[in-house]
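The values are calculated or read from the model by the stated rules, or taken from the named source; none is laboratory data. The shown structure was predicted, so the numbers you read here are calculated from the model rather than taken from an experiment. A quick note on method: Cβ atoms are made from the backbone with ideal geometry, for glycine too, and the neighbour counts reach across all protein chains shown. Note: areas computed on protein heavy atoms with side chains; ligands, DNA, RNA excluded. Shrake-Rupley method; radii C 1.70, N 1.55, O 1.52, S 1.80 Å.
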Amino acid sequence: MQVQQVFIEYPLAIGAETSNLTYCPRCGENCVIKEEGGRKRSTCLKCGFIHYKNPVPAVSVLIVKDETVLLGKRAPGSFQAGKWCLPCGYLEFDEDFITAARREAKEETGLIIEIESILSVMSNFFTPALHTLVVVLLARVTAGTLCSGDDLVAAQWVPLAGPFPNMAFAADEHIIARYCMTRVSGAPVETRLARSSGC
């Protein structure tokens, strides 16, 4: 199965010049649009702040048990509400990606996991306002009782080969199918410096 790591959900040209800042987040002055590094960016002429619009770092966890994978149904108010996905979420500023994956798994599923490997890194272009860079991790359950929480209203084990419920993200469908077909082991993870964060 061919690897796919870029998922584009809308014509990228639509969002190229959107979401400029009106006011400087540092000093509160009006921002102007200036060319910087070949792109038009919100810039504060008073303090020199330049708004670099970057993708949001996130993690997604393929939790496998026997021949099943854990999926969660996204809660009302969340992006792609009512659809299903792998446990996932954004990194907090003080978290490494392994700590974030453990925390998200615990918050969303009630399970404590051990990260086994890095399966992939994916760029998702969801909307003009939401681009993510996602580290996809393979994990197994070490403790806990399955119960949905946080951004999920349901969690269940589904056969790796499907069929799957209505999925929120094409990237999740790809990574599950690729793992099911290849059993790729992924790249090793170094957990020695990862914070435990109680998970």
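I'd like to check something: does region 164-171 contain any residue that is in a strand (DSSP E or B) and in contact with a Phe, Trp or Tyr (Cβ under 9 Å, 6 or more places away or on another chain)?
Applying the first criterion (in a strand (DSSP E or B)) to region 164-171 yields 167.
Pick out the ones that are also in contact with a Phe, Trp or Tyr (Cβ under 9 Å, 6 or more places away or on another chain) and you get 167.
Yes, region 164-171 has at least one match.
Condition check ((1) closer than 25 Å to Arg192 by Cβ; (2) in a loop (DSSP other than H, G, I, E, B); (3) free of Cβ contacts under 8 Å to residues at least 40 places away in the same chain) across all residues:
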site	(1), (2), (3)
Gln80	no, yes, no
Gly89	yes, no, no
Glu92	yes, yes, yes
Thr99	yes, no, no
Arg102	yes, no, no
Ile118	yes, no, no
Val121	yes, no, no
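I'd like to know if region 19-42 contains one or more residues that are within 30 Å of Val158 (Cβ to Cβ) and either in contact (Cβ under 8 Å) with a residue 60 or more places away in the chain or assigned to a helix (DSSP H, G or I) (or both). Break it down into steps so the answer makes sense when it comes.
Applying the first criterion (within 30 Å of Val158 (Cβ to Cβ)) to region 19-42 yields none.
Scanning region 19-42, I find no residue that is within 30 Å of Val158 (Cβ to Cβ) and either in contact (Cβ under 8 Å) with a residue 60 or more places away in the chain or assigned to a helix (DSSP H, G or I) (or both), so the answer is no.
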Can you confirm whether region 124-139 contains a residue that is open to solvent by 60 Å² or more (accessible area, probe 1.4 Å), farther than 21 Å from Gln2 by Cα and within 18 Å of the chain's Cα centre (by Cα)?
yes
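So that you can scan it fast, the table gives a plain yes or no per residue for (1) of a type in the set (S, T, N, Q); (2) farther than 30 Å from Leu160 by Cβ; (3) at pLDDT 90 or above:
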{"residue": "Val6", "(1), (2), (3)": "no, no, yes"}
{"residue": "Ala13", "(1), (2), (3)": "no, yes, no"}
{"residue": "Gly28", "(1), (2), (3)": "no, yes, yes"}
{"residue": "Cys31", "(1), (2), (3)": "no, yes, yes"}
{"residue": "Val61", "(1), (2), (3)": "no, no, yes"}
Condition first: surrounded by 15 or more Cβ atoms within 10 Å (Cβ to Cβ), under 23 Å from Arg192 (Cα atoms) and touching a residue at least 12 places away in the same chain (Cβ under 8 Å). Can you find one or more residues in region 140-154 that meet it?
yes
What's the total number of residues in region 43-60 that are open to solvent by less than 50 Å² (accessible area, probe 1.4 Å) and assigned to a loop (DSSP other than H, G, I, E, B)?
3
